[in-house]
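Colleague: Here's a structure for you.
Please treat every number below as a calculation from the coordinates, not as lab data. All values reported here derive from a predicted model rather than from experimental measurement. Here the Cβ is made from the backbone with ideal geometry for all residues, glycine too, and neighbour counts use every protein chain on show.
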Amino acid sequence: MKNASAATPVHATHLRSALRVNAGQSSLAGRKSANEDAVGIRIPSDPLLTTKGIALAIADGVTDAEHGKEASDICVQNFLSDYYSTPDAWSVKTSVQRVLTALNRWLYSQGVSTLAPHRGYVTTLSVLVIKSQVGYVFHVGDSRIYRFREGTLEQLTTDHVTRISPSKEYLARAVGIDVRLDIDFRQVDLQEGDVFLTCTDGVHQFVNRAQLESLIANNKHDIEQACIAINEAALANGSDDNTSCQLLRIDQLSSANDQDIYQKLSELSFPPALQPGAMLDGLRILEELHASKRSQVYRVRDESNNAVYVMKTPSPNFEDDPAYIERFVLEEWIGSRIDSANVVKVITPPKPRKFLYYLVQNIDGQPLGRWLREFNSREINTAIRIIKNIGRGLGAIHRRETLHQDLKPDNILIDSKGNPVIIDFGSCRVAGIQEIHTPIERDIVLGTLDYSAPEVLTLNPPTRGCDIYSLAIIAYEMLTGKHPYGEAYARCKTIDDFKRLEYRPAWSHNPLVPVWLDGALKKALQIDPQQRYQELSEFLFDLEHPNKELIQGKSQPWVERNPLRFWQAFSAALFMLHLFWLFLWIRQ
């Protein structure tokens, strides 16, 4: 595949990628009887061109390994297949590292099962992914990746070799050599006209930098011929190894202008004002459930089968706002990629849409906030069960490298069976989408003040810890009816303001809350994100299992360590004292 230009709109953003490249490759056995190198390039069409980019992979099977050739072939072929099968919400870094880790474990397991452990399936591997306006470099071993810009060749990788004498060196890192894989990673900027070169040691050990620069410059407009020329130069210079190289030239970067973007985002018109009884694409409006300045939500019925759904429509206030429209379209895309009983399901419309809206399942229930007010219960087991199930839904969102960013009681429904369901994607942040360049300033929707982590409110980069913080706020509120930092939290403007706040133990509001449970809440609600739980699963585990590390020492007063037992014992002591004085009075 030599050249790619985008032609199909991306479902996530309704944008077409403008990325165009020219690529070629050449791999020769040279003076060896077998070629243990492997090369591969994949230039997909949209939507993969936009969401995953272009990938090049080059591998050099280790000669001393019994199955070096098989290892290099497996690495290149399986990587190019598996990378494009990873979720399109994942970032490039996450996708590549997950695939390479799995490949390494498989090759290692094959190697140690042979009669000569660690000498079976071993290979170098260098990968370049071009996505939007960034290049992503992944590297293990002594193959190389260069960037040729304005006549100068820059090496982007470091050889993983250890020299033990002036004439002898050995490979310090490779795929399949150990159960653990240490991958070098870096990001590089792209410019139109850049040429990237990948090659194995059969090339770079015999063709110096000046000669490579000359060969690329002289053949820059014929990429395939340049690859052949480089391999021939290596052989002419005495290479006794396989010779392999790849070249990719950036002809055009993804840089669509604002008008192009607006045209694509405006393909579907905003729906007209909708009243109960109105019809839209075969869907009858039953009632309006919610309306705000950003959107409207309706309960609707499919007239063809009487199925009932919920429809969300964009607000006409933003009809000429590309950033708002992109985010609205993205909501449906996010929801359709999450599969959890605790996250609302996106429904495919029964007929082709003529207007901009999306459908989700209709849930027979009520918002968690209203449910709490009606039941007015601080029952600990119920609260933990609900929080754990919300956590399961949040975990499904996080596995798609997506942050919810607006977790609050009004965005959680409690269904007729008492199970919570997360229902809104309006503030979600998707790692894979953030990597896609757009000239418009993306619509940033912050979460709700009382439930957002301090770093979100001070416009610092969000992390999973922000969602864990919001979940802990909800848990605290369910157990106490209060905010852990009180009313002062809403008045904070800077990180210093937040650091002056004092956490109020949950048991001080509800004596039934065990101190170990409060310890888990306190850790999840730390102002400093580095002091919080880094994994959602750890927080959910500590909500049910006392963590001794989160409980203060024995010097802590009994009333704080276990307030319920303290007051039970105190009441019993008073009762016994009362009986004692009654006995003395009777004897008198």
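Colleague: Highest first, please rank the peptides 352-364, 53-65 by the mean number of other Cβ atoms sitting within 10 Å of their residues. Could you put the intermediate results ahead of the total?
Modeller: Numbers: 352-364: 16.5, 53-65: 25.0.
Result, highest mean Cβ count within 10 Å first: 53-65, 352-364.
Colleague: Another question, then. Considering only C-alpha atoms, what is the centroid distance from segment 159-238 to segment 483-532, in Å?
Modeller: With segment 159-238 and segment 483-532 each reduced to a Cα centre, they are spaced 54 Å.
Colleague: Residue 388: which lysines have alpha carbons under 26 Å from its alpha carbon, excluding same-chain residues fewer than 8 sequence positions away?
Modeller: Of all the lysines, those that pass the test against residue 388 - Cα under 26 Å, at least 8 places apart if same chain - are 345, 408, 417, 482, 522, 523, 548.
Colleague: What ranking, highest mean first, results for peptides 91-99, 271-279 when packing means the other Cβ atoms within 10 Å averaged over each residue? Provide the component values of the computation, followed by the final result.
Modeller: Working: 91-99: 20.0, 271-279: 12.7.
Highest to lowest by the protection proxy: 91-99, 271-279.
Colleague: Scan the chain and report its longest stretch carrying no GluC sites (Glu not before Pro) that are both in a DSSP loop and have at most 14 other Cβ atoms within 10 Å.
Modeller: 1-149
Colleague: Take every Cα-Cα distance within segment 272-423, group them into 10 Å bins from 0 onward, and report for each bin the whole-number percent of pairs it holds.
Modeller: 10, 37, 35, 16, 2
Colleague: Take the eigenvalues of the Cα gyration tensor for the chain, scale each by 5, and report the square roots as semi-axes in whole Å, largest first. Please report the intermediate quantities before stating the final value.
Modeller: Details: eigenvalues 607, 241, 78 Å².
One finds semi-axes of 55, 35, 20 Å for the chain.
Colleague: In which sequence would 485, 83 go, from the one with the fewest C-beta neighbours within 10 Å to the one with the most?
Modeller: Least to most surrounded, the residues fall as 485, 83.
Colleague: For segment 260-361, state the average projected area of the convex hull of the C-alpha atoms over all orientations, rounded to one decimal in nm². The partial results should precede the final answer.
Modeller: Details: hull surface 26.7 nm².
Result: 6.7 nm².
Colleague: Also, quick follow-up: Based only on other Cβ atoms within 10 Å, what is the fewest-to-most ordering of 408, 499, 32?
Modeller: Details: 408 21, 499 11, 32 16.
Result, fewest neighbours first: 499, 32, 408.
Colleague: Can you give me the relative contact order of the chain as a percent, contacts being Cα pairs under 8 Å and 6 or more apart?
Modeller: Relative contact order for the chain comes out at 11 percent.
Colleague: Let me ask something additional. Relative contact order of segment 122-198, please, whole-number percent, based on alpha carbon pairs below 8 angstrom and at least 6 residues apart. Could you put the intermediate results ahead of the total?
Modeller: Values: 151 pairs, mean separation 29.4, N = 77.
Computed over segment 122-198, the figure is 38 percent.
Colleague: Still on this model: Scaled to the compact-protein estimate 2.2 N^0.38 Å, what is the alpha-carbon radius of gyration of segment 189-250, rounded to two decimal places? Walk me through the numbers before you get to the answer.
Modeller: Numbers: Rg = 11.3 Å, N = 62, 2.2 N^0.38 = 10.6 Å.
Output field value: 1.07.
Colleague: Then there is this: Might you list the cysteines of the chain that have no disulfide-compatible partner by the rule of another cysteine's Cβ under 4.7 Å?
Modeller: Here 75, 227, 428, 466, 492 come out as lacking a disulfide-compatible partner, given the Cβ-Cβ threshold of under 4.7 Å.
Colleague: Going from the alpha-carbon gyration tensor of segment 16-255, what semi-axes, largest first and in whole Å, does one get by taking the root of 5 times each eigenvalue?
Modeller: Working: eigenvalues 143, 110, 40 Å².
Here the semi-axes work out to 27, 23, 14 Å.
Colleague: Now a separate question. Taking the square root of 5 times each eigenvalue of the Cα gyration tensor, what semi-axes in Å does the equivalent ellipsoid of segment 365-551 have, largest first?
Modeller: On the way: eigenvalues 132, 79, 50 Å².
Semi-axes, largest first: 26, 20, 16 Å.
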